[in-house]
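Take a look at the structure below.
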Amino acid sequence: MPLQTPSTKLPRVGTTIFTVMSQLAAEHGAVNLGQGFPDFAVPQRLVDELDAAMRAGHNQYAPMTGVPVLRQAIAGKALRCYGAQVDPDAEVTVTSGATEAIFNAIHAVVRPGEEVVVLDPAYDCYEPAIDLAGARAVHVPLDPLTFAVDWERVRAAITPKTRLLMINSPHNPSGAMFSADDMQALAGLLRGTGILLISDEVYEHIVFDGRRHESVLRWPELRERAFVVSSFGKTYHCTGWKIGYAIAPPALSAEFRKVHQYNVFCTFAPAQHAFAAMIRDEPEHDEQLGAFYYRPSATASASSCWARG
Ligand SMILES: Cc1ncc(COP(=O)(O)O)c(C=O)c1O
């Protein structure tokens, strides 16, 4: 009997909208605002550090959780930007971009039949990972004009099957940001439940108008149940390098690492050394990111880390 192609596990997945729009933009010679192609140069220092790391021989498998110097630099950044004490050994895992971190976190904690609340419009990699885990995405729309969250609608979407809630601030595609009131509403909603959180913060440093990024790392009550995910691709204009990370409490990180270990095991070693050097030696890069390109006269007071709340 001829081999039957198995039915698809992801019936709703086709070519991503990003690929469709990039193809159309290329065809028509149009400006491509669909896919994240920053047209800022990668900092020269970062390119030099990558070159140096490769020449220094950092070309073999990195430790599974990430090279210690980078995990330490990430923990230092969490303290500097958000006042969070993060254990680089037990709580930081370096991943192949935020996409891998999101996939790992979902697969580490979500079981078949459970539900995951996502706020629409949501980044496209969330739902396929939820589907592959055998769970169901429960969609709650954001306000169509302001992209604000209606926390009462989120509350109404929660059931005994809810395992996870996914948030994304600053938000792709709208740029909307959570306020301190949002964080308090979220904490109130999750208090006393077993619901976990994925906080997708890949745009944490691309913040304008002196706004303060409300990282979950600033909110201990949320942090204790969260995977906080970020990506160097956004912060350093190198989306093709695909290096990100997740910060989560030790017990959650341990589960996360079980998936990471058999998903990719470890990620591109030379770039990890390069990012470690950048974070350590040029912290002002991310602090000034929003201000740097659009508000050349702005000072560090407009930084994405410490901006006025
Ligand atoms: C909201 C959001 N999350 C995650 C990602 C994926 O990041 P990475 O390229 O590091 O996997 C992106 C990329 O555009 C994004 O916009």
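Just so it is clear, none of the values below were taken in a lab; they were calculated from the coordinates. In this text, all values refer to a predicted model and were calculated from it rather than measured experimentally. A quick note on method: Cβ atoms are made from the backbone with ideal geometry, for glycine too, and the neighbour counts reach across all protein chains shown.
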Can you name every residue in the stretch 132-147 that is surrounded by 15 or more Cβ atoms within 10 Å (Cβ to Cβ) and more than 16 Å from the ligand (Cβ to nearest atom)?
132, 133, 135, 136, 138, 140
In the stretch 29-48, which residues are in contact (Cβ under 8 Å) with a residue 60 or more places away in the chain, surrounded by 14 or more Cβ atoms within 10 Å (Cβ to Cβ) and within 13 Å of the ligand (Cβ to nearest atom)?
36, 38
Under 8 Å between Cβ atoms, which residue pairs at least 6 apart in sequence (or on different chains) link something in the stretch 241-262 that is at positive phi and within 16 Å of the ligand (Cβ to nearest atom) with a partner that is part of a strand (DSSP E or B) and charged (D, E, K, R)?
none
What are the pairs with Cβ atoms under 8 angstrom where one residue, in the stretch 156-185, is under 16 Å from residue 139 (Cβ atoms) and the other, located anywhere, is more than 15 Å from the ligand (Cβ to nearest atom) and hydroxyl-bearing (Ser, Thr, Tyr)? Sequence gap at least six, or different chains.
158/193; 162/193
Just the residues that are surrounded by fewer than 20 Cβ atoms within 10 Å (Cβ to Cβ) and more than 12 Å from the ligand (Cβ to nearest atom), please, taken from the stretch 110-126.
111, 112, 113, 114, 120
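If you check 281, 286, which single one turns out to be surrounded by 23 or more Cβ atoms within 10 Å (Cβ to Cβ), acidic (Asp, Glu) and more than 12 Å from the ligand (Cβ to nearest atom)? Step through it out loud before you land on a result.
On the way: 281 fails: surrounded by 23 or more Cβ atoms within 10 Å (Cβ to Cβ).
When all the criteria are applied, what remains is 286.
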Within the stretch 83-106, considering residues that are among the β-branched types (Val, Ile, Thr) and farther than 11 Å from residue 126 by Cα, the one farthest from the ligand (Cβ to nearest atom):
86
So which residues in the stretch 158-186 are away from the ligand (no atom under 16 Å from the Cβ), surrounded by fewer than 16 Cβ atoms within 10 Å (Cβ to Cβ) and of a type outside the set (S, T, N, Q)?
160, 161, 180, 181
Odd one out for residue 246, checked against (1) closer than 17 Å to residue 200 by Cα; (2) of a type outside the set (Asp, Glu); (3) surrounded by fewer than 19 Cβ atoms within 10 Å (Cβ to Cβ):
(3)
